[in-house]
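The values are calculated or read from the model by the stated rules, or taken from the named source; none is laboratory data. Everything numeric here is computed off the predicted structure, so don't read it as measured data. Note: ideal-geometry Cβ built from the backbone for every residue, glycine included; neighbour counts use all protein chains shown.
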Amino acid sequence: MAISTTLEYESIDNLYLDPMNPRLGRNRVSSDTSQDELIKIMQEWVLDELAFSYLESGGFWAHEPLIVVNENLYGKESHVVVEGNRRLAALKSLREAQQGRPNSPKWLDILHDSRVPDGLFDRVPYVRADSRQDVQAFLGFRHVTGIKQWNADEKAGFIARLVDENHMTYREVARKIGSKAPTVRKHYIAYRLLLQMEDDVESFDTERAEKRFAVLYMSIEKQGVQQYLHIDFQGDPTINKRPVPQAHLANLAHFVRWVFGTSDADCIIRDTRQVGDFGTILQSSDAVAYLESEKEPNFEVALRISGGDEEQIIRYVMEASNRVELALMRAHVFKNSAGLRKEVKRLGGDVHQLLSIFPDILKDLPKGDTE
């Protein structure tokens, strides 16, 4: 059967949230997590939008049924929802509020002056799947490459499970979820690197790292990062299961400090826009020596040491030149403006100082261009 095409209906009392849902986060996934605890965790998932929709549209959407597998949960055979947990959590939260046990005051506000459609909690549409494996391809396309995408860490965790538990190659996973092998490899290495950090780096803050997973994911494709951590980016999963070789774990500890920060030092990368420059920094032995030796290194200082700020300086001058050209189109109209004269004087001083750094350029300029 794989995934049935027959629509069935069930009460929310007999439908269970999935404690192994990747969206819960790696440190929250556990078969022992109670349904009450799962609902509390899922309050972070903006359930109220779904609840309003149920109340306003007259019920649950039959065209988007839940996908259910029969599994042993809490010691008994149960209907476990493997796709549609957010929708089910919204229903359960609404019902708890209706029964006077709201998770927060907002649930009472949602119900205020609203009529709960008949059968909303008693006839929830679902289709049955034989196993989680039968649902994996659907989940992979929908949440990794499709229209309802998970966050980067959730995608990576899902891909890692396919590789590690199902012994699939990057290419096989890519075909299964409708992605590309290099993208799958990148997700897998980033996730396994996160696990290795947790195992091998003292006082590693997992929660902080998961919040900044996008920085890790983007950084590992940079040549400087791969070289510094000695990651074999073209290796197969058996090699990439522990991406950083044992001999270079000290580098991994430094990398964690720079990317995620520690209890006594902030990270040096503020956002993903700095990832490219970070890769450049790690290709400079002088810049790396500076980062490793300083207790609180500065990103801009490291970039200057590496020489990587050349492109940045070029961009600054180019932007200034472009703006001056725009100003020249209308500046003559406002030549008596005190404010404009003040700024032109400041610009002239800056340009004169800049040109003094390049005497050959100053010498070649027409006389009128510098007066």
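Remark: Glu311 matches the filter, which requires a residue to be without any contact (Cβ under 8 Å) to a residue 60 or more places away in the chain, closer than 26 Å to Lys186 by Cβ, of a type in the set (Asp, Glu) and not assigned by TED's automatic domain parsing to the domain that holds Ala214. When each of Glu207, Glu292, Glu300 is tested for being acidic (Asp, Glu) and under 19 Å from Ala160 (Cβ atoms), the lone residue that passes is Glu207.
Does Val244 satisfy the criteria of being in a helix (DSSP H, G or I), modelled with pLDDT of 90 or more and surrounded by 14 or more Cβ atoms within 10 Å (Cβ to Cβ)? It is false that Val244 is in a helix (DSSP H, G or I), modelled with pLDDT of 90 or more and surrounded by 14 or more Cβ atoms within 10 Å (Cβ to Cβ). Of all residues in the range 80-105, how many are in a helix (DSSP H, G or I) and surrounded by 15 or more Cβ atoms within 10 Å (Cβ to Cβ)? Number of matching residues: 14. Take Glu202 and tell me if it is under 25 Å from Leu162 (Cα atoms) and outside the structural domain of Leu24 (by TED's automatic domain parsing). So Glu202 does not fit the description; no.
Can you tell me which of Arg257, Arg273, Arg208 is assigned by TED's automatic domain parsing to the domain that holds Ala156, buried (at least 19 other Cβ atoms within 10 Å of the Cβ), part of a helix (DSSP H, G or I) and among the basic types (Lys, Arg)? Don't jump to the end; show me each part of the working.
On the way: Arg273 fails: buried (at least 19 other Cβ atoms within 10 Å of the Cβ); Arg208 fails: buried (at least 19 other Cβ atoms within 10 Å of the Cβ).
Of Arg257, Arg273, Arg208, the one residue that is assigned by TED's automatic domain parsing to the domain that holds Ala156, buried (at least 19 other Cβ atoms within 10 Å of the Cβ), part of a helix (DSSP H, G or I) and among the basic types (Lys, Arg) is Arg257.
In the range 167-178 there is no residue matching the filter, namely being modelled with pLDDT of 85 or more, within 18 Å of the chain's Cα centre (by Cα) and in a helix (DSSP H, G or I). Does Thr206 satisfy the condition of being touching a residue at least 60 places away in the same chain (Cβ under 8 Å), closer than 25 Å to Phe260 by Cβ and among the β-branched types (Val, Ile, Thr)? Against the criterion (touching a residue at least 60 places away in the same chain (Cβ under 8 Å), closer than 25 Å to Phe260 by Cβ and among the β-branched types (Val, Ile, Thr)), Thr206 qualifies. Quick one: in the range 112-136, which of the residues that are under 16 Å from Ser57 (Cβ atoms) and surrounded by fewer than 17 Cβ atoms within 10 Å (Cβ to Cβ) is modelled with the lowest pLDDT? Residue satisfying both the conditions and the ranking: Ser114. Taking Ala287, is it closer than 26 Å to Ile220 by Cβ and either touching a Lys or Arg at 6+ places or on another chain (Cβ under 9 Å) or not assigned by TED's automatic domain parsing to the domain that holds His230 (or both)? Here the answer is yes, as Ala287 does meet what is asked. Say whether the condition of being without any contact (Cβ under 8 Å) to a residue 24 or more places away in the chain and either basic (Lys, Arg) or assigned by TED's automatic domain parsing to the domain that holds Arg161 (or both) is met by at least one residue in the range 28-47. Within the range 28-47, one or more residues are without any contact (Cβ under 8 Å) to a residue 24 or more places away in the chain and either basic (Lys, Arg) or assigned by TED's automatic domain parsing to the domain that holds Arg161 (or both). Here Leu24 meets the list (1) surrounded by fewer than 17 Cβ atoms within 10 Å (Cβ to Cβ); (2) at pLDDT below 85 almost entirely, failing just condition (1).
Could you tell me whether any residue of the range 325-341 is part of a helix (DSSP H, G or I), in contact with a Leu (Cβ under 9 Å, 6 or more places away or on another chain) and within 25 Å of Ala209 (Cα to Cα)? No.
Gln234 meets each of the listed conditions (1) surrounded by 13 or more Cβ atoms within 10 Å (Cβ to Cβ); (2) within 29 Å of Leu195 (Cα to Cα); (3) without any contact (Cβ under 8 Å) to a residue 24 or more places away in the chain apart from (1). Answer yes or no: is there a residue in the range 301-317 that is aliphatic (A, V, I, L, M), part of a loop (DSSP other than H, G, I, E, B), surrounded by 16 or more Cβ atoms within 10 Å (Cβ to Cβ) and more than 21 Å from the chain's Cα centre (by Cα). Within the range 301-317, not a single residue is aliphatic (A, V, I, L, M), part of a loop (DSSP other than H, G, I, E, B), surrounded by 16 or more Cβ atoms within 10 Å (Cβ to Cβ) and more than 21 Å from the chain's Cα centre (by Cα).
Residue-by-condition table, conditions (1) assigned by TED's automatic domain parsing to the domain that holds Asp277; (2) modelled with pLDDT under 90; (3) of a type in the set (Asp, Glu):
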| position | (1), (2), (3) |
| --- | --- |
| Pro297 | yes, no, no |
| Ala302 | yes, no, no |
| Tyr316 | no, yes, no |
| Leu328 | no, no, no |
| Ala331 | no, no, no |
| Asn336 | no, no, no |
| Leu340 | no, no, no |
| Asp350 | no, no, yes |
| Asp364 | no, yes, yes |
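Restricted to the range 349-359, and to residues there that are surrounded by 12 or more Cβ atoms within 10 Å (Cβ to Cβ) and out of contact with any Leu (no Cβ under 8 Å at 6 or more places or on another chain), the residue that is farthest from Asn322 (Cα to Cα) is Leu354.
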